[in-house]
1. Could we say that Val121 is in contact with a Leu (Cβ under 9 Å, 6 or more places away or on another chain) and either surrounded by 15 or more Cβ atoms within 10 Å (Cβ to Cβ) or of a type in the set (Phe, Trp, Tyr) (or both) here?
2. Could you say which residue among Arg165, Arg143 is at pLDDT 80 or above and charged (D, E, K, R)?
3. If you check every pair at least six apart or on different chains, which have Cβ atoms under 9 Å apart with a residue in region 129-140 that is under 19 Å from Met93 (Cβ atoms) first and a residue that is of a type in the set (Lys, Arg) second?
4. Which residues, taken from region 160-176, are touching a Leu at 6+ places or on another chain (Cβ under 9 Å) and either without any contact (Cβ under 8 Å) to a residue 60 or more places away in the chain or under 21 Å from Ala110 (Cβ atoms) (or both)?
5. Hey, could you check region 46-66 for residues that are surrounded by 13 or more Cβ atoms within 10 Å (Cβ to Cβ) and aliphatic (A, V, I, L, M) and say which is farthest from Cys116 (Cα to Cα)?
6. Under the condition of being within 27 Å of the chain's Cα centre (by Cα) and surrounded by 14 or more Cβ atoms within 10 Å (Cβ to Cβ), which residue from region 21-33 is farthest from Lys4 (Cα to Cα)?
7. Among the listed residues Val111, Val43, Val36, which satisfies the condition of being in contact with a Leu (Cβ under 8 Å, 6 or more places away or on another chain) and open to solvent by 70 Å² or more (accessible area, probe 1.4 Å)?
8. Which numbered condition in (1) assigned to a loop (DSSP other than H, G, I, E, B); (2) open to solvent by less than 80 Å² (accessible area, probe 1.4 Å) is the only one that Gly134 fails?
Amino acid sequence: MASKRLLIKGGQVYDHDGDVHKPAVADILIEDDKIVAVGSNLVADGAHEEIDACRRLVAPGLINAHYHSHDTLCRGLFEELPLEMWLLYTLPMGANRSKEELRARTLVGAVESLHCGITTVQDMLGLVPLDDAGTNVVIAAYRESGIRVVFSPMVWDIPPIAMVRHQDSLPPDIQEMLGT
């Protein structure tokens, strides 16, 4: 089977050890998803695809090292609340989702990340109920998207309500709203 080759031509290739303010212009040859050469005027006989990166920055993919895919569908909600209060609303919203919803929210977050240059996420997934079926749906969606993932289920030993500081000093109506 012939290897898949990609040649990225003439981009400013970011090198953290080089001039980060004006990166050198170079070509990048990729074969089967691995960089095999970086240099000037590379020739790739039989390259399947060539990308003109002239006047573009070519940089390594970013890593989101603190990500929760279960929050994807909660974006824009309760934005003005402090974290402790926000959790009281958002964690219950992620519970008991269908397999289709789990797949969709994982794919939406993965595509959004890739669009922003993030090629790896460390997903600490809050899954309620935490079961193999739901976990398998999320992992399959990551495979489908092509993004790299470091995956672990999120576990906690205290309920979100216990994270609200100074509960007793809040007005009675807020305390009632918080419940238990």
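The values are calculated or read from the model by the stated rules, or taken from the named source; none is laboratory data. No experiment lies behind these values; they were computed from the predicted model shown. All Cβ positions, even for glycine, are placed from backbone atoms using ideal geometry, and neighbour counts span all protein chains on display. The protein model used for the area step is the full one, side chains on, heavy atoms only, and it has no ligands, DNA or RNA in it. Shrake-Rupley method; radii C 1.70, N 1.55, O 1.52, S 1.80 Å.
1. On the way: in contact with a Leu (Cβ under 9 Å, 6 or more places away or on another chain): no; either surrounded by 15 or more Cβ atoms within 10 Å (Cβ to Cβ) or of a type in the set (Phe, Trp, Tyr) (or both): yes.
Judged against the criteria, Val121 is not a match.
2. Working: Arg165 fails: at pLDDT 80 or above.
When all the criteria are applied, what remains is Arg143.
3. Sorted first by the residue in region 129-140, then by its partner, the pairs are Gly134/Arg97; Gly134/Lys99; Val137/Lys99; Val137/Arg103; Val138/Arg103; Val138/Arg105.
4. The initial filter retains those residues of region 160-176 that are touching a Leu at 6+ places or on another chain (Cβ under 9 Å), namely 160-161, 163-164, 167, 170.
Gln167, Leu170 - these are the residues of region 160-176 that are touching a Leu at 6+ places or on another chain (Cβ under 9 Å) and either without any contact (Cβ under 8 Å) to a residue 60 or more places away in the chain or under 21 Å from Ala110 (Cβ atoms) (or both).
5. Ranking the qualifying residues of region 46-66, first place goes to Ala47.
6. If we filter region 21-33 for residues that are within 27 Å of the chain's Cα centre (by Cα), which is where we start, we get 21, 23, 28-33.
Checking which are surrounded by 14 or more Cβ atoms within 10 Å (Cβ to Cβ) leaves us with 23, 28-31.
On the way: Pro23: 27, Ile28: 14, Leu29: 11, Ile30: 8, Glu31: 6 Å.
Result: Pro23.
7. The unique qualifying residue is Val36.
8. Condition (1) is where Gly134 drops out.
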